[in-house]
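Report on the structure given below.
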Amino acid sequence: MRLDKYLKLTRLIKRRGVAKVLINEDKIKVNGKSIKPAYDIKINDDIKLELGERIIEIKVKDIKEVVTKENASSLYTIIKDSLTTKRKK
């Protein structure tokens with residue numbers, strides 16, 4: 001499954017188009033590497049999302065084509081969820 005589709009399906013990102021933009025801006029990395037939106041996600045991949053001041057790191061547990069809103073979070077495990085404070089110079 002494509003990374004952009006996986007992020008939308010898991011509801012980590014609301015829209016696939018937004019996921020594509022974030023991936024192209026290197027705000028989302030897989031296994032510490034910059035990737036393309038069409039990257040084929042695999043079980044046990046580590047995904048790091050930089051969403052403004054929030055950084056979320058997850059591990060892919062499962063991949064499904066269809067999932068309900070209630071079960072979306074069962075597709076991944078949160079490794080780290082933190083807020084950063086970026087200082088302006």
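The values are calculated or read from the model by the stated rules, or taken from the named source; none is laboratory data. All values derive from a computational prediction rather than experimental measurement. Counting neighbours? That spans all protein chains shown, and the Cβs are built from the backbone with ideal geometry, glycine included. Remember, those area values only see protein heavy atoms, side chains included, never the ligands or the DNA or RNA. Shrake-Rupley method; radii C 1.70, N 1.55, O 1.52, S 1.80 Å.
Entry note, the chain: the mean residue ellipticity at 222 nm calculated from DSSP H runs of n ≥ 4, each adding -39500 (n - 2.57), is -5000 deg cm²/dmol after division by the residues and rounding to the nearest 500.
Please report the relative contact order for the chain, taking Cα pairs under 8 Å with a sequence separation of at least 6, and give it as a percent rounded to a whole number. Each step should come with its number before you reach the end.
On the way: 151 pairs, mean separation 22.3, N = 89.
The value is 25 percent.
When D4, D62 are compared by accessible area of protein heavy atoms, the largest-first order is D62, D4, using a 1.4 Å probe. Taking region 51-72 and a reference point 7 angstrom along Cα→Cβ of R11, the backbone N atoms nearer than 14 Å belong to 67-72. According to the square roots a ≥ b ≥ c of the eigenvalues of the Cα gyration tensor, what is the shape class of region 1-69, taking rounded for a/c under 1.5, prolate for a/b larger than b/c otherwise, and oblate for the remainder? Taking the square roots of the gyration eigenvalues as a ≥ b ≥ c, region 1-69 is rounded. Taking θ as phi - 60° and the Karplus parameters 6.51, -1.76 and 1.60, the scalar couplings of region 73-78 work out to 6, 7, 7, 8, 10, 7 Hz in sequence order, x denoting glycine and proline.
Taking R0 as 25 Å, what's the FRET efficiency between D26 and T77 from their Cβ-Cβ distance, rounded to 0.05? Provide the component values of the computation, followed by the final result.
Working: r = 23 Å, r/R0 = 0.93.
FRET efficiency, D26 to T77: 0.60.
If you place +1 on the Cβ of every Lys and Arg and -1 on the Cβ of every Asp and Glu, how big does the dipole about the Cα centre of the chain come out, in debye to the nearest 20? Please report the intermediate quantities before stating the final value.
On the way: 24 positive and 13 negative charges, 82 e Å.
Computed charge dipole of the chain: roughly 400 debye.
Candidates L12, T68, I41 compared by Cα position along the dipole of the chain: farthest toward the positive end lies L12, with charges placed on Cβ.
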